[in-house]
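Got a structure for you, questions after.
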Amino acid sequence: MIVSLCLQTFVSSAEAQAPDALTPAQAIDALTLAQAIDEARGGSPALHTAAARVIAADTEARVASVLPNPRVTLASSLNYARFYWTVVFQMPLFGQLDMAAEAASAQADVVRADETVATLDVTLATTLAWVDLWLAEREAEAAEDVATRRGRLEQIATERFDAGASPRIDVLRTHADAVRATVDLAARARAVDAARERLLGVLGRSPSTSAPISTAGDPASGVPALARLEAQLDEHPRARRASEAVHAASAVIEREDRARWPLVGLELGSNQFYVAGNGPDAHVALAFNVPLFDLDAPSVRRAEAQRDVAVADGETVARDLLATLRSAHALATAADARADALLGEVQPAMNEAAELAVASYEEGRLDVFGLIVAEQARDDTELEVARATAERGRAIATLLHAAGGTP
């Protein structure tokens, strides 16, 4: 039939442009959602960057606890000693070094909390990309079913026309629908390729060297209870990050306050080879800084202002998390109910109605327009079910992201 010829032409064209057949090593890799998330957590470029920032922050904390290097002076004079030297040791006797190390360590905790937030974001991004590929595959499968059914209708209409039982308009209409279905099938195949490339990028795979991937299983269903999700908001990565930011800001206040204390310097020196022949001389001195120009402690006031900002941000985060969670729960509940209704009641009824329409057309009790309406309703319902299932998966993923992860 014509639709078969169109499909063969499309497949031949695709084969002409496609690379060589896949080797066993390039076999399609079917990933469940859980497998995709695990892989993304290990290979996501965003998480690699976050891990590098944690290492840098830990290094900074170690640097903050290192004693200042001694300062050495070597000199000579014309009228007195031919050579003299001094060594100055700066000694943070009043805990300045400990406070600096504690502040740096607190900041490293903030960076680690950022990594946890990044992990949560990558989980959501992976889920959405996986669901997009799942939906693209389901739409391609639906398009293939439609092309097959449209080819069958064209065949029935042609046979009835050849037998003188139906007008030529039936053949023209079913043929047009068959061609349209073939073109749509080709477009859906390209959409699958696009969704696959997006998921490869989220997983951290190189699109040019990776084997093709597909989805296995279905998006998540079932919405957790709101009270259960609200109970875990205190442990949300964003809430923990805000709490660590307040702690870090408080540690900076203590560091700046302690930095105003005198930093004692011990100076040791010797003068040698005097012009007048006197013997070598030695000296010991103590030096310390005087807080003359920062009596009102501007650095401390600045740190306190930054701590107030962190506290206000933490309060804002807590309110936003609760509002976002409740909104996401309402949307997920609605999406879950809609998907269940479409899958459990609407789709079976539309499938049965379409089959009855085909039988009625074959028996001459229904015209081609009524048949096409019934077929189109079945096709639309099949796509609607797939899209509702995908939307439910996205809504639940967004809900879990708002809750801080799986309860």
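The values are calculated or read from the model by the stated rules, or taken from the named source; none is laboratory data. Note that the coordinates shown come from a computational prediction; the quantities given were computed from them, not determined experimentally. Note that each Cβ is placed from the backbone with ideal geometry, even for glycine, and that neighbours are counted across all protein chains shown. Only protein heavy atoms, including side chains, enter the accessible area calculation; ligands, DNA and RNA are left aside. Shrake-Rupley method; radii C 1.70, N 1.55, O 1.52, S 1.80 Å.
Residues of the stretch 392-407 with the amide nitrogen closer than 19 Å to a label point 7 Å from the Cα of E345, along Cα-to-Cβ, please.
392
Residue separation times 0.36 nm, minus the C-alpha to C-alpha distance between Q155 and A312: what's the value? Before the final figure, lay out each step's value.
On the way: separation 157, 0.36 × 157 = 56.52 nm, distance 7.02 nm.
The Q155-A312 span can extend by a further 49.5 nm.
Considering only the other residues whose Cβ falls under 13 Å of the Cβ of Y274, what net charge follows from Lys and Arg at +1 and Asp and Glu at -1? Display every interim value, and only then the final one.
Numbers: positive: R82; negative: D281.
Counting the neighbours of Y274, the net charge comes to 0.
Assuming R0 = 41 Å, what is the FRET efficiency of A359 and A334, from their Cβ-Cβ distance, to the nearest 0.05? Spell out each step's value before the answer.
Details: r = 37 Å, r/R0 = 0.89.
Here the calculated transfer efficiency is 0.65.
Can you send over the carbon and sulfur percentage of the accessible area for the chain, probe radius 1.4 Å, protein chains only? Let's see the in-between values first.
Working: 12940 of 22180 Å².
That fraction is 58 percent.
Same structure again: Given S243, G151, N69, which one lies farthest toward the positive end of the charge dipole of the chain, if we put +1 on the Cβ of every Lys and Arg and -1 on the Cβ of every Asp and Glu?
N69
Keeping all protein chains in place and using 1.4 angstrom, which order do Y361, Y84, Y274 fall into by accessible surface area, from largest down?
Y84, Y274, Y361
Can you tell me how much longer the chain between T32 and R62 gets when fully stretched, taken as 0.36 nm per residue apart minus their C-alpha distance, in nm with one decimal?
On the way: separation 30, 0.36 × 30 = 10.80 nm, distance 4.16 nm.
Going from the current span to full extension adds 6.6 nm.
Another question, if that's okay. Is there a quick way to get the dipole size of the chain? I mean about its Cα centre, with the Cβ of Lys and Arg at +1 and of Asp and Glu at -1; what is the value in debye to the nearest 20?
Numbers: 37 positive and 58 negative charges, 286 e Å.
In debye, rounded to 20, the chain gives about 1380.
On to the next question. Expressed as a rounded percentage, what relative contact order does the chain have, with Cα pairs under 8 Å and six or more residues apart?
On the way: 530 pairs, mean separation 98.5, N = 407.
Value for the chain: 24 percent.
How long is the gain from V87 to T49 if the chain were fully straight, where each residue apart is worth 0.36 nm and the alpha carbon distance is subtracted?
Working: separation 38, 0.36 × 38 = 13.68 nm, distance 4.25 nm.
Taking 0.36 nm per residue and subtracting the Cα distance, the gain is 9.4 nm.
Sort I372, I169 by heavy-atom solvent-accessible area, probe 1.4 angstrom, most to least.
Values: I372 15, I169 85 Å².
Ranking I372, I169 by accessible area, largest first, yields I169, I372.
Sticking with this one: What accessible surface, in Å², does a 1.4 Å probe find on S221, ignoring ligands, DNA and RNA and rounding to the nearest 10?
In the full protein context, S221 sits at about 80 Å².
Can you tell which of F293, V252, A282 lies farthest toward the positive end of the dipole of the stretch 240-310, using +1 and -1 charges on the Cβ of basic and acidic side chains (Lys, Arg; Asp, Glu)?
V252
For a quick check: with amide H placed at 1.01 Å from N, whose amide H comes under 5 Å from V264's, ignoring anything fewer than 5 positions away on the same chain?
For V264, the qualifying residues are M91, L93.
Taking the solvent-accessible surface of protein heavy atoms with a 1.4 Å probe, what is the per residue accessible area of the stretch 140-266 in Å²?
Details: 6300 Å² over 127 residues.
That works out to 50 Å² per residue.
Oh, and also: Over the stretch 291-407, with the other protein chains present, what is the accessible area per residue in square angstrom, probe 1.4 angstrom? Before the final figure, lay out the partial values.
On the way: 6160 Å² over 117 residues.
Averaged over the residues of the stretch 291-407, the accessible area is 53 Å².
A further question follows. What figure, in Å² to the nearest 10, do you get for the accessible area of S105 with a 1.4 Å probe and non-protein molecules left out?
50
Let me ask something additional. Got a sec? Charge dipole of the chain, +1 on Cβ for Lys and Arg, -1 for Asp and Glu; which of L399, M91, G314 is way out at the positive end?
Projecting each Cα onto the dipole axis, the largest value belongs to M91.
Determine the per residue accessible area of the stretch 52-131 with all protein chains present and a 1.4 angstrom probe, expressed in square angstrom. Don't skip to the answer; put the middle values down first.
Numbers: 4450 Å² over 80 residues.
Ligands and nucleic acids excluded, the figure is 56 Å² per residue.
Also, quick follow-up: Explain nothing, just the number: dipole magnitude of the stretch 250-308 about its Cα centre with +1 on each Lys and Arg Cβ and -1 on each Asp and Glu Cβ, in debye rounded to the nearest 20. Could you put the intermediate results ahead of the total?
On the way: 6 positive and 9 negative charges, 18 e Å.
Dipole magnitude for the stretch 250-308 comes out near 80 debye.
Right, another one. Where the only charges are on Cβ atoms (+1 Lys, Arg; -1 Asp, Glu), what is the dipole of the stretch 250-377 about its Cα centre, to the nearest 20 debye?
Values: 10 positive and 21 negative charges, 190 e Å.
The calculated dipole for the stretch 250-377 is roughly 920 debye.
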